[in-house]
Amino acid sequence: MNIMEHIAILVVITPLFGAFSTPFVSLAGKKAADIWVGIFSGLTFVFSILLGLKVLRSGIVIYTLGAPEPAIATVDYNGLIFPVRILLEVDALSALLALVISLIGFFAAIYSWRYMEHDTGVEKFYTLFLLLLTGMLGIVLTGDIFNMYVFLEIMSISAYALVAFRKETFEAVEAGIKYLVVGSAASTLILLAVAILYGVYGSLTIAQIAHLIEVSPSPLIWGALALYLTGFILKAGIVPLHMWLIDAHPAAPSSISALLSGVVIKTGAYAIIRIFFTLYGVEVMNRALIGWIIVVIAVITMFVGGSLGLIQQDLKRLLAYSSVAQMGYIALGIGVALIAFNTTAGDAGLVGALFHLLNHAIMKGMLFLIAGVILHQLGTRNINEMGGLIKKMPITSACFIIGGLAIAGVPPFNGFVSKLILYEASAMISPALAVIAIISSALTLGMYLRVIQTAFLGRAPETLKDIRDPPASMLIPIVILAILIVIFGILPSLPVDSIITPAVEAVKNQASYLSAVLP
Amino acid sequence: MVFGIETGFGYWDPLIWVVLFVLMFIGGYLIAKYAAQRATPFRADELESEIFLSGWGETVEKDLRFPSKHLYWGFRKALESAWYRSAVEEHSGILTTYIFWIVILLLILMLLIAFGGAM
Amino acid sequence: MKMSEKPYELSVIVRTVARLLFGLILIFGFYVIVHGHITPGGGFQGGVVTALAVIMLLAAYGYEGVVTEVREKILERFESLGAIMFWTLGLVGVIATATYFADVLYKGTPGELISAGTIPLMNIAVGMKVASGVAVLVIIMSIGMYYSRKYQKAEKEGAEE
Amino acid sequence: MDLYSISLTLVLVVTFVGAIAAVYFRDLLNAVVALAVMSGGLALAFFLMEAPDVAIAEAALGAGAITAIFILAIGETEREEKE
């Protein structure tokens, strides 16, 4: 069997197999389970890189399940040729998201080795962890709206269980139940939207529905769009449906917080992009109205996240609010791209949104891993109880300062570059938007300066005497992510030219997404 | 040029910032070193070394930590009654509030998109 | 409400009927799973029916009466085994130079039990997973209740002393 | 009206009454039984609409498993709902 031919499905089924084989491997001890999970998340990462290379080299990759050949997506029924099979359709946008997800997933898995050493039931943790990875990768790779819902549920249900994993703490169980209820409500809305689209067009393949919407737009699909948007706004943690995020992300174990804040909410952003630009297409929708709705929501999100993050005393809660604010920037880019589609401003908005998505995944993944280190070493999440950590744990503190400054948009780190692109894109639409975005950035800077000033600089309280840098398996993922932040900041054209621009081209080019599947 | 990137209608070159940062760090370090050389050493036993802090009592060294709540206090004070009180109340953690917001957003989006979404 | 002496047990009639029906429901569940490709039903539906047999025993006898018959640790392994079996059956297509989940085995005559290639095997895998998954779910719930009952009882006795 | 529509309407009325009753009852055990009745009606409706697969799943899960889980859970709590 040729591995490159099956690379698209391998990205999804590798973590799936790892998930269900972990309970058997863990019979041989915790070390074996650790290494097993490391191998499988690492393999997923390697396959994602290979998939990305294939997409960059030969365009959109189609993989059809149950067909005699991967590229055959259609069925011939009495001379009528149409796509009915379950298929994965991977363009540059999907490949970019898959790369980011498996990168953060790999580092979080390695980090979990030592971080979870005091917990019981680690094999269940690893199973759910790999299922979470499977769900996210499935959402971004699939070319079928019902499969997208199924993978969304796989992802969400493992996320609910993982948030409540430390079931002996009251906070985790409460956050898990809240996340479960609101997440199920959002999933139901998404399922209803899928049902409406299937009822109207009799198909579940994204390309086929997009083609039919172009040919004959029915008034019902706008109701489906509203349902879709509400569901994915909740999954993406955008205001006013961000409240579960504030409870759930701090309550989860830190390696899971890194995944939840780094990439799980990004799948919501991915789905919004995919629905707007591919499923519905910008031709049939009232771009100005929908774009302005997104922009207004984004502006509110940035302000709420930034201003409420400023008054938090809990480090992980502060990071969660920061995630809300940064999702606002990504939504701003999407909205600007909708309003000014196919102009300089629109392209810059998309580049900014996708680059900020990549940057925020790296930065927030790293910051949550560091918050986990602090929780692991100090046993507290309250900022006011910390102090002078830079003398006790220099490497961790340096990484946190880099990450905090980067996420606040301080040059020369990567967060500044993506925010600069977003400022300029939104200024071309309306200068007021850019002003609000810069003010929100100042709020973000304020909340990270508070942490840096209080926790890392200054004098250490008497209680923190024998604190050290964490063991290597926890430190190495953090350091690598910090190095990535600096590299992407100093050489921004390296990621933008190689992976972001192809993804933007893929988003803009709806016709090639359709023609890859349709006869 | 590998460094730098086109940003819509401009060009961003991080190299110049890196150089600037390095220069600033070197300058700051030199100033700090110079100040440390020139400053009079602290003599606790002498009367004139007592610190006069605008009429307040002398600050104890233990209290010199700078708690996080003091940063941006002006901003927070200004928005205390206008924004923070209601916003913190809204994040009550009560599940029905969360569901309420889902319904509200769904209604707004339904009204806006279902009637104005089509081109 | 007055607490009975035994932790959780229904009347003799219910217990006897449950014991008699246990095997019948199990067999019906297996039937639905195995005939999934030719009659309505399939792995999921049959799995739930199979799990219902265990749930009925739980309802009749309580946790203490069931845990000697059905061990949740073994059921958990069984569930993972079902998932791995499903995954491996998908891989058969890849090995036979088609794609994942491709149906490459002996097709047979439509309507017969041994037909439709990998589909009956997949039904069995799904049935294993669903049956043990739903059963484990309810057993774990009742374990929690058993211990909370025990705890409450101990607390009450402590208060009386 | 043919037999099919009559029976479908009847089944849907049963489903509807079951759903209303499940919300209306203050005794939780009664509410669970009403919910099971609703699931049974729904399963019959699925069967009449020629979806026997879904009907079996609905009957097994909705009327069987979920009812059993609810009854187990109610055994742990107060039976009456309080304001």
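Below, the figures for the structure above:
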{"read-out": "Restricting region A:76-116 to residues that are among the charged types (D, E, K, R) and modelled with pLDDT of 85 or more, the residue that is nearest to the chain's Cα centre (by Cα)", "value": "A:D91"}
{"read-out": "Among the candidates A:V163, A:V140, residue that is farther than 27 Å from A:L279 by Cα and buried (at least 23 other Cβ atoms within 10 Å of the Cβ)", "value": "A:V163"}
{"read-out": "Residue among B:F9, B:F66 that is at pLDDT below 75, farther than 30 Å from A:F456 by Cα and at the interface with chain A (Cβ under 7 Å from one of its Cβ atoms)", "value": "B:F9"}
{"read-out": "Filter result (of a type in the set (F, W, Y) and free of Cβ contacts under 8 Å to residues at least 40 places away in the same chain) within region A:153-171", "value": "A:Y160, A:F170"}
{"read-out": "Test: residue in region C:64-77 that is modelled with pLDDT of 80 or more and within 23 Å of D:I66 (Cβ to Cβ)", "value": "yes"}
{"read-out": "Unmet requirement for C:T88, which otherwise passes all of (1) modelled with pLDDT of 85 or more; (2) in contact with a helix residue (DSSP H, G or I) (Cβ under 7 Å, 6 or more places away or on another chain)", "value": "(2)"}
{"read-out": "Residues satisfying the stated conditions in region A:51-73, i.e. surrounded by fewer than 17 Cβ atoms within 10 Å (Cβ to Cβ) and assigned to a helix (DSSP H, G or I)", "value": "A:L53, A:L56, A:R57, A:S58"}
{"read-out": "The one condition in (1) modelled with pLDDT of 80 or more; (2) surrounded by fewer than 22 Cβ atoms within 10 Å (Cβ to Cβ); (3) under 22 Å from C:V54 (Cα atoms); (4) of a type in the set (D, E, K, R) that C:R149 fails to fulfil", "value": "(1)"}
{"read-out": "Every residue from region A:415-458 that is farther than 29 Å from A:W292 by Cβ and among the polar types (S, T, N, Q)", "value": "A:Q453, A:T454"}
{"read-out": "Subset of region A:208-243 that is more than 11 Å from every other protein chain (Cβ to nearest Cβ) and assigned to a loop (DSSP other than H, G, I, E, B) - its residue that is surrounded by the fewest Cβ atoms within 10 Å (Cβ to Cβ)", "value": "A:S216"}
{"read-out": "Checking A:F20 against (1) in contact with a strand residue (DSSP E or B) (Cβ under 7 Å, 6 or more places away or on another chain); (2) at the interface with chain C (Cβ under 9 Å from one of its Cβ atoms); (3) assigned to a helix (DSSP H, G or I), the condition it does not meet", "value": "(1)"}
{"read-out": "A:K178 vs. criteria among the charged types (D, E, K, R), crowded, with 20+ Cβ neighbours inside 10 Å and either at pLDDT 90 or above or over 20 Å from the mean Cα position of the chain (by Cα) (or both)", "value": "yes"}
{"read-out": "Residue identified as at pLDDT 80 or above, within 13 Å of chain D (Cβ to nearest Cβ) and in contact with a Phe, Trp or Tyr (Cβ under 7 Å, 6 or more places away or on another chain) among C:V14, C:V49", "value": "C:V49"}
{"read-out": "Contacts under 9 angstrom Cβ, first residue in region A:8-26 being crowded, with 24+ Cβ neighbours inside 10 Å, partner part of a helix (DSSP H, G or I) and basic (K, R), 6 or more apart", "value": "A:A8/A:K54; A:T22/A:K124"}
{"read-out": "Some residue of region A:455-471 being without any contact (Cβ under 8 Å) to a residue 60 or more places away in the chain, assigned to a helix (DSSP H, G or I) and either within 18 Å of A:I370 (Cα to Cα) or among the hydrophobic types (A, V, I, L, M, F, W, C) (or both)", "value": "no"}
{"read-out": "Region A:174-187: number of residues that are free of Cβ contacts under 8 Å to residues at least 40 places away in the same chain and more than 9 Å from chain B (Cβ to nearest Cβ)", "value": "2"}
{"read-out": "So A:I452, is it part of a helix (DSSP H, G or I), away from chain B (no Cβ under 11 Å) and out of contact with any strand residue (DSSP E or B) (no Cβ under 7 Å at 6 or more places or on another chain)", "value": "no"}
{"read-out": "Filtered residues of region A:217-260 (kept if among the charged types (D, E, K, R) and modelled with pLDDT under 90)", "value": "A:D247"}
{"read-out": "Residues (of a type in the set (D, E) and within 14 Å of another protein chain (Cβ to nearest Cβ)) located in region A:23-70", "value": "A:E69"}
{"read-out": "Criterion: facing chain A (nearest Cβ under 7 Å), within 22 Å of A:A248 (Cα to Cα) and at pLDDT below 85 - qualifying residue of B:A118, B:A87", "value": "B:A87"}
{"read-out": "Only one of A:I293, A:I297, A:I330 that is closer than 24 Å to A:S187 by Cα and touching a His at 6+ places or on another chain (Cβ under 9 Å)", "value": "A:I330"}
{"read-out": "Long-range neighbours under 6 Å by Cβ, at least six apart or interchain, first residue facing another protein chain (nearest Cβ under 10 Å) within region B:13-26, second surrounded by fewer than 10 Cβ atoms within 10 Å (Cβ to Cβ) and modelled with pLDDT of 85 or more", "value": "none"}
{"read-out": "Pair list, Cβ under 7 Å, 6 or more apart: region B:93-113 residue within 7 Å of chain A (Cβ to nearest Cβ) and closer than 18 Å to A:T188 by Cα, other residue basic (K, R) and surrounded by 15 or more Cβ atoms within 10 Å (Cβ to Cβ)", "value": "B:L95/A:K178; B:Y98/A:K178"}
{"read-out": "Single condition A:I485 does not satisfy, out of (1) buried (at least 19 other Cβ atoms within 10 Å of the Cβ); (2) touching a Lys or Arg at 6+ places or on another chain (Cβ under 9 Å)", "value": "(2)"}
{"read-out": "Condition met for A:I490 (surrounded by fewer than 23 Cβ atoms within 10 Å (Cβ to Cβ) and β-branched (V, I, T))", "value": "yes"}
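To keep it simple, each residue is scored yes or no on (1) touching a strand residue (DSSP E or B) at 6+ places or on another chain (Cβ under 6 Å); (2) under 28 Å from C:E76 (Cα atoms); (3) within 12 Å of chain A (Cβ to nearest Cβ); (4) not in a helix (DSSP H, G or I).
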residue	(1), (2), (3), (4)
C:L91	no, yes, yes, no
C:A98	no, no, yes, yes
C:L105	no, no, no, yes
C:N123	no, yes, no, no
C:K129	no, yes, yes, no
C:G133	no, yes, yes, no
C:S148	no, yes, no, no
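Rundown of residues vs (1) at pLDDT below 90; (2) within 12 Å of the chain's Cα centre (by Cα); (3) surrounded by fewer than 16 Cβ atoms within 10 Å (Cβ to Cβ), yes/no style:
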{"site": "D:Y4", "(1), (2), (3)": "yes, no, yes"}
{"site": "D:L10", "(1), (2), (3)": "no, no, yes"}
{"site": "D:T15", "(1), (2), (3)": "no, yes, no"}
{"site": "D:A36", "(1), (2), (3)": "no, yes, no"}
{"site": "D:A45", "(1), (2), (3)": "no, yes, no"}
{"site": "D:A51", "(1), (2), (3)": "yes, no, yes"}
{"site": "D:A57", "(1), (2), (3)": "yes, no, no"}
{"site": "D:I69", "(1), (2), (3)": "yes, no, no"}
{"site": "D:I74", "(1), (2), (3)": "yes, no, yes"}
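The values are calculated or read from the model by the stated rules, or taken from the named source; none is laboratory data. Treat the numbers as computed from the prediction; the structure is a model and nothing was measured. Glycine gets a Cβ as well: all are built from the backbone with ideal geometry, and neighbour counts include every protein chain shown.
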